[in-house]
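Notes to accompany the following structure.
The values are calculated or read from the model by the stated rules, or taken from the named source; none is laboratory data. What you see is a predicted model, and the numbers here were worked out from it, not measured in a lab. Reconstructed Cβ throughout: ideal geometry from the backbone, glycine too, with neighbour counts over all protein chains shown. Heavy atoms of the whole protein, side chains included, go into the accessibility calculation; ligands, DNA and RNA do not. Shrake-Rupley method; radii C 1.70, N 1.55, O 1.52, S 1.80 Å.
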Amino acid sequence: MSRSSCHLFLFLFLLLFSLFPFPLLARPFVLVLSQDDLKDVQNDDASPLDSDSSWDDDDFGGTHVKPDDELDPGSWRRLFEPPTTLLSPSHDTSLDSYYAAVQKIISASNNGDARLMEEAAAEIETAANADGDPHARSVLGFLYGMGMMRERNKAKAFLNHYFAAEGGNAQSKMALAYTYSRQDMHEKAVKLYAELAETAVNSFLISKDSPVIEPIRIHNGAEENKEALKKSRGEDDEDFQILEYQAQKGNAGAMYKMGLFYYFGLRGLRRDHSKALMWFLKAVDKGEPRSLELLGEIYARGAGIERNYTKALEWLSLASEHGLYSAYNGMGYLHVKGYGVEKNYTKAKEYFDKAADNEDAGGHYNLGVMYLKGIGVKRDVKIACKCFIVAANAGQPKAFYQLAKMFHTGVGLKKNLPMATALYKLVAERGPWSSLSRWALESYLKGDMGKAFLLYSRMAELGYEIAQSNAAWILDKYGERSMCMGESGACTDAERHQRAHSLWWQASEQGNEHAALLIGDAYYYGRGTVRDYERAAEAYKHAKSQSNAQAMFNLGYMHEHGQGLPFDLHLAKRYYDQALELDPAAKLPVTLALASLWVRKNYADSFLVHIIDSLPEVYPRVEEWVENVIMEEGNATILTLFVCLLTVLYLRERQRRHAIAAAGAHEPNEHVVPAAR
């Protein structure tokens, strides 16, 4: 692999990474690399690879994964996904009091019961401070961070999360990593995200790529995202019921989809490996080949059945014979580890080559691991780099993890902690703690707004942009019905505004343009914060940088009125024109705004301008013209600009009549009347 070739792959990957719409990615950015970004690595035993312990883990992923409860200790999974089997007599009951207190918090949030919430918070505080329970410390940190039945205190929140993380609580590690990354403390953030990303990677499949189950955004701008929510109603969804009916009638494709939905918990369903196994076996009996590969995964992992590597290899081999090339990855993995067969690196590489030759991203990834670690081949970090970039460009999450490690350690790539942090975060957010999103959505769809808000708030603290946005939207949309709990009971209006403002701000930092608009509105109108036109303009500019037409319109309006920006009618017109270029729906408001500019330019300081300026004071809101052109809240700005348009038409008509009259008055002087003969 030539140096220039690997540079080309690296450039293409970074270009893709900078443009890829990761909804969960940290603050978006474009990274420009020089020739020094790809290090001239010597592929010998002196590589930092040998001395860096972060490379000693199982980079192929592992079938010996722990249950989600062990990967995410202290998780609320027991309360939302109770085990289907009876607990054994030896079951550890030491966390029973902790879960009882958390259950009270959930119930109190759902019912708006301030007394029960105070009781639960006191129990959590006792368990955290007196007993030193790390999971109780994590919840206490959450309560202090949100200001729920405790005075909002970031220092106490941080301290509790710190000790909880030290005690092994993964969600507190996520919260700390996010806090560090917001403050650009990448040295600390990258270590935590690396550990969390490793946990996430080891839960991925060994053959095919795990489907990316992104949290659902429950709103689209200011409106509910009905289309996405319709597809997330689980067994209550009409489309799912039709699919289930088809599967019961013997449709092999429907059987496979049923198994897929239950295995991964798709479309709002709760994961059920036993049901998944049942449907996959039925699909295979009907001749559906895609189920073969998933059966291999199930037996390799022991998901819903006793682990059996021999059967796993049999199923994967059958899948590969039916043209499912990703199955070669699982077969190669079993040969690398010696699970069910004798360890054979040569055979493993042959399988990985077959997968890669058929454009399977997992094949490229696994070859990259072999070259990176010198497993069965001569170590070659440059070839490994190329393989990981090809896999990453195809969306392979494990490849993002490996590239993060390269940026983190400086192996193969020049050390770049901000990039490593962003890539690790991307992978870490797919860990088992992401189940919070499923439970929150399920609660929202059932109408349990308090429970949904609580779960989204917990997830928001971990750095999930969509959760921050969803929690803020619930506050704004449902108000008191959100069951928001404040420092001493139900949230006051001021507490709700302040909390929504904080959540929108965090979401805007991570690239949410709608959040940036709402932050701008909050500063413009003084909702939940002190009115500040300059900060409003900054927020609108942030949204404008993402080519948001409404933000451009608002900036034009502020230039026109000299609010937070210099009074400049030329810049105002430029912003109005740009808004129209981006969104044809802006034609009416932009036309009215340009009419207002015409009046200001031609009749400055006249009573007409004073009338125009006084009208918005009656309805103090810059019009949300994209979504509410003639719908809600009085449409003050549209009304104002419509008056401007009528005024312009009247003035132009008056000018035309004066011009005609003037021309008529001068006509006798401009023509010579012939003398009579």
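Just need the relative contact order of region 400-535 here, percent rounded to a whole number, with Cα pairs under 8 Å and 6+ apart. Don't skip to the end; give the middle numbers.
On the way: 165 pairs, mean separation 18.2, N = 136.
Over region 400-535, the number comes to 13 percent.
Provide the per residue accessible area, probe 1.4 Å, for region 265-421, rounded to a whole number of square angstrom. It would help to have the intermediate numbers written out before the result.
Values: 5850 Å² over 157 residues.
On a per-residue basis, region 265-421 sits at 37 Å².
Over region 448-599, how many percent of alpha carbon pairs lie in each 10 Å bin up to the one with the longest distance?
12, 35, 29, 17, 6, 0
With θ taken as phi - 60° and the coefficients 6.51, -1.76 and 1.60, list the Karplus ³J(HN,Hα) couplings across region 346-362 in order, rounded to whole Hz; mark glycine and proline as x.
Karplus-based 3J(HN,Hα) across region 346-362 equals 4, 5, 4, 4, 4, 5, 5, 4, 4, 5, 5, 4, 9, 6, 8, 4, x Hz.
Using a 1.4 Å probe and ignoring any ligands, DNA or RNA, find the accessible area of residue 379 and quote it in Å² to the nearest 10.
Its accessible surface works out to 40 Å², give or take rounding.
How much of the accessible area of region 221-432, in percent, comes from carbon and sulfur atoms when a 1.4 Å probe is used? Don't skip to the answer; put the middle values down first.
Numbers: 3760 of 8370 Å².
Summing carbon and sulfur atoms, their accessible area is 45 percent of the total for region 221-432.
Sequence-distant or interchain residues sharing an amide H contact under 5 Å with residue 413, placed H: which?
Residues meeting the amide H criterion: 39.
Counting pairs of alpha carbon atoms under 8 Å apart in space and at least six apart in sequence, what relative contact order in percent does region 448-599 give? Provide the component values of the computation, followed by the final result.
Details: 212 pairs, mean separation 20.0, N = 152.
That works out to 13 percent.
Counting other Cβ atoms within 10 Å of each Cβ, which GluC sites (Glu not before Pro) in region 125-176 have at most 12 and sit in a DSSP loop?
Working: sites: 125, 151, 166; in loops: 151.
Sites meeting the loop and neighbour criteria: 151.
For residue 130, what is the net charge nearby, where nearby means another residue's Cβ is under 14 Å from its Cβ and Lys, Arg count +1, Asp, Glu -1?
Every neighbour counted, the sum reads -3.
Could you tell me whether region 79-206 comes out rounded, prolate or oblate from its Cα gyration tensor? Rule is a ≥ b ≥ c as square roots of the eigenvalues, rounded for a/c under 1.5, then prolate if a/b exceeds b/c, otherwise oblate. Write out the running numbers ahead of the final one.
Details: a/c = 1.92, a/b = 1.14, b/c = 1.68.
Oblate shape, in that a/c is at least 1.5 and b/c is the bigger or equal ratio.
Going from most exposed to least, what order do 458, 271 have by accessible area with a 1.4 Å probe? Display every interim value, and only then the final one.
Details: 458 5, 271 85 Å².
Largest to smallest exposure gives the sequence 271, 458.
Which loop chymotrypsin sites (Phe, Trp or Tyr not before Pro) in region 535-590, with loop taken from DSSP, have no more than 16 other Cβ atoms within 10 angstrom of their Cβ? Could you put the intermediate results ahead of the total?
Numbers: sites: 540, 553, 557, 567, 575, 576; in loops: 567.
Those satisfying the criteria are 567.
In whole percent, and with a 1.4 Å probe on the protein chains, what portion of the accessible area of region 481-559 is carbon and sulfur?
Numbers: 1390 of 2950 Å².
After summing per-atom areas, the C and S share lands at 47 percent.
Got a sec to turn the phi values of region 171-183 into Karplus ³J(HN,Hα) couplings, 6.51 cos²θ - 1.76 cosθ + 1.60 with θ = phi - 60°, whole Hz, x for Gly and Pro?
Once rounded to whole Hz, the list reads 5, 5, 4, 4, 5, 5, 4, 5, 4, 5, 5, 5, 9.
Does region 221-432 come out rounded, prolate or oblate, given a ≥ b ≥ c as the square roots of the eigenvalues of its C-alpha gyration tensor, rounded meaning a/c under 1.5 and, failing that, prolate meaning a/b above b/c? Write down the numbers at each step before the final one.
Details: a/c = 2.52, a/b = 1.32, b/c = 1.91.
Taking the square roots of the gyration eigenvalues as a ≥ b ≥ c, region 221-432 is oblate.
Long-range amide H contacts for residue 219: which residues qualify at under 5 Å (H placed 1.01 Å from N, peptide plane, sequence gap of 5 or more or a different chain)?
Correct list: 225.
Carbon and sulfur together cover what percent of the accessible area of region 77-187 at a 1.4 Å probe radius?
Details: 2730 of 5210 Å².
With neighbouring chains kept in place, the figure for region 77-187 is 52 percent.
If you plug each phi of region 442-447 into the Karplus form 6.51 cos²θ - 1.76 cosθ + 1.60 with θ = phi - 60°, what whole-Hz ³J(HN,Hα) values come out, in order, with x for Gly and Pro?
4, 5, 4, 5, 7, x
Gap in Å between the Cα centre of region 316-373 and the Cα centre of region 122-157?
About 47 Å separates the Cα centre of region 122-157 from the one of region 316-373.
Find the relative contact order for region 261-353 and round it to a whole percent, using C-alpha pairs within less than 8 Å whose residues are 6+ positions apart. Walk me through the numbers before you get to the answer.
Numbers: 132 pairs, mean separation 15.7, N = 93.
Once divided by the residue count of region 261-353, the mean separation gives 17 percent.
Starting from the amide H of residue 485, placed 1.01 Å from N in the peptide plane, find each other amide H under 5 Å away whose residue is 5 or more places distant or on another chain.
Under 5 Å from the amide H of residue 485: 491.
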